[in-house]
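What follows is one structure encoded as structure tokens, with my remarks underneath.
The values are calculated or read from the model by the stated rules, or taken from the named source; none is laboratory data. Note that the coordinates shown come from a computational prediction; the quantities given were computed from them, not determined experimentally. Note: ideal-geometry Cβ built from the backbone for every residue, glycine included; neighbour counts use all protein chains shown.
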Amino acid sequence: MRVSLDYGAVRKVPGLDAVTLVTFAVTTIVFLAVSGAFLALQWRHEDAAVRVDKATWTLAGPPCPGIAPAWWTKLALDRPQPFAYQGIAGVRAHGEVSCSVIDSDHGRDVRPLPVCQFRAPFALRLTTPSGDAYFEPGAGQPVTVWMANGQPRCVMGANPANW
């Protein structure tokens, strides 16, 4: 009995035919196109949300009236309320405060800008690296404050939707 083992035979492995290759290429192109469209829509939605948030927190108004440190001392505030948020710190006479970080560089998150809005602080002392800044917007006057290049900025007005 003789057993024949053919070790030199070449067996053909089934390969990919043209239809399979075309189907794979079309599927890949469709997947990439749909993914790109989804990412573009997502970016547009997030960009619009950033613009709405910035508009909510950014106000253009007259500057808050500044006062001298001696006048701040004479105000004799009963219980000044401290606040601190992302580089904005100080004391307010009373009232609510609400803070957020907004994008200040057209959608690029490289220069986030902390902003605080006060419902009716009466008087504010902002602590900065170069010293304190004092403001007295008056009773019942809302204000918005932020730090621009280490300098305090205060404008009259705030968005009531932020409380």
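Step by step: first the residues of the range 120-154, then only those that are of a type in the set (Ser, Thr, Tyr) and under 11 Å from Cys64 (Cα atoms), then the one that is nearest to the chain's Cα centre (by Cα). Which residue is that? Write out each step before concluding.
Step one: filter the range 120-154 for residues of a type in the set (Ser, Thr, Tyr), giving 127-128, 130, 134, 144.
Now restrict to residues that are under 11 Å from Cys64 (Cα atoms): 134, 144.
Numbers: Tyr134: 27, Thr144: 17 Å.
Among residues in the range 120-154 that are of a type in the set (Ser, Thr, Tyr) and under 11 Å from Cys64 (Cα atoms), the one nearest to the chain's Cα centre (by Cα) is Thr144.
Taking the criterion of being among the polar types (S, T, N, Q), outside any loop (DSSP other than H, G, I, E, B) and either in contact (Cβ under 8 Å) with a residue 40 or more places away in the chain or in contact with an Asp or Glu (Cβ under 7 Å, 6 or more places away or on another chain) (or both), the only residue of the range 56-73 that qualifies is Thr56.
Among the conditions (1) within 30 Å of Ala133 (Cβ to Cβ); (2) modelled with pLDDT under 90; (3) basic (Lys, Arg), Arg92 misses just one, which is (2).
How many residues, within the range 1-38, are modelled with pLDDT under 85 and of a type outside the set (Asp, Glu)?
19
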